[in-house]
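Visitor: Below is one structure. I have some questions about it.
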Amino acid sequence: MDGEALPDLDRLQREMWTRQRQARAAVRIYNRGSWIRFALVFIPVPLVVVTFRLYLEAWHYYILGGAFIFFAGLLYVLDDRAATRREAALKAAKAARAVYQEARSALQR
């Protein structure tokens, strides 16, 4: 009976390590991407406003404000999707760790 349980435990441990590597990669990708998304929200439109403020007419500000709100909303949606992928990877790693620890404790009993 122990001969059957050990390979299963090894497989669970490999899966746990794989899920943890995937979770670390997902967190790293999310953190890197969040800085890019943050910069894309707060740099382009305000930079145009500050740079060309002496040449802009009143209606330009309405267009730039709308563009700012649109791009901020778009990047918020993209960030939400990336955060969902990151959370799914972390949840899968946590579940794999729990299954491995449960199997290991059952084997030691």
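Visitor: Can you name the residue in the stretch 79-96 that is open to solvent by 30 Å² or more (accessible area, probe 1.4 Å) and hydrophobic (A, V, I, L, M, F, W, C) and is also farthest from V49 (Cα to Cα) among such residues?
Guide: Top of the filtered list is A95.
Visitor: Before we move on, is R81 of a type outside the set (A, V, I, L, M) and either outside any helix (DSSP H, G or I) or within 30 Å of D8 (Cβ to Cβ) (or both)?
Guide: Considered against the rule, which asks whether it is of a type outside the set (A, V, I, L, M) and either outside any helix (DSSP H, G or I) or within 30 Å of D8 (Cβ to Cβ) (or both), R81 comes out as no.
Visitor: Can you confirm whether the stretch 1-20 contains a residue that is aromatic (F, W, Y), more than 24 Å from A98 (Cα to Cα) and part of a helix (DSSP H, G or I)?
Guide: No: the stretch 1-20 contains no residue that is aromatic (F, W, Y), more than 24 Å from A98 (Cα to Cα) and part of a helix (DSSP H, G or I).
Visitor: Could you grab the pairs with beta carbons closer than 9 Å, sequence gap of 6+ or different chains, first residue in the stretch 54-83 and more than 26 Å from I36 (Cβ to Cβ), second one surrounded by fewer than 12 Cβ atoms within 10 Å (Cβ to Cβ) and not polar (S, T, N, Q)?
Guide: Qualifying pairs under 9 Å: H60/F52.
Visitor: Specify which of the listed residues (Y61, Y30, Y76) is open to solvent by less than 50 Å² (accessible area, probe 1.4 Å) and either in contact with a strand residue (DSSP E or B) (Cβ under 9 Å, 6 or more places away or on another chain) or aromatic (F, W, Y) (or both).
Guide: One residue alone meets the criteria, Y30.
The values are calculated or read from the model by the stated rules, or taken from the named source; none is laboratory data. Since we're looking at a predicted model, the values are computed, not measured. Neighbour counts run over all protein chains shown; Cβ positions are idealised from the backbone, glycine included. Surface accessibility is based on the protein's heavy atoms, side chains included, excluding ligands, DNA and RNA. Shrake-Rupley method; radii C 1.70, N 1.55, O 1.52, S 1.80 Å.
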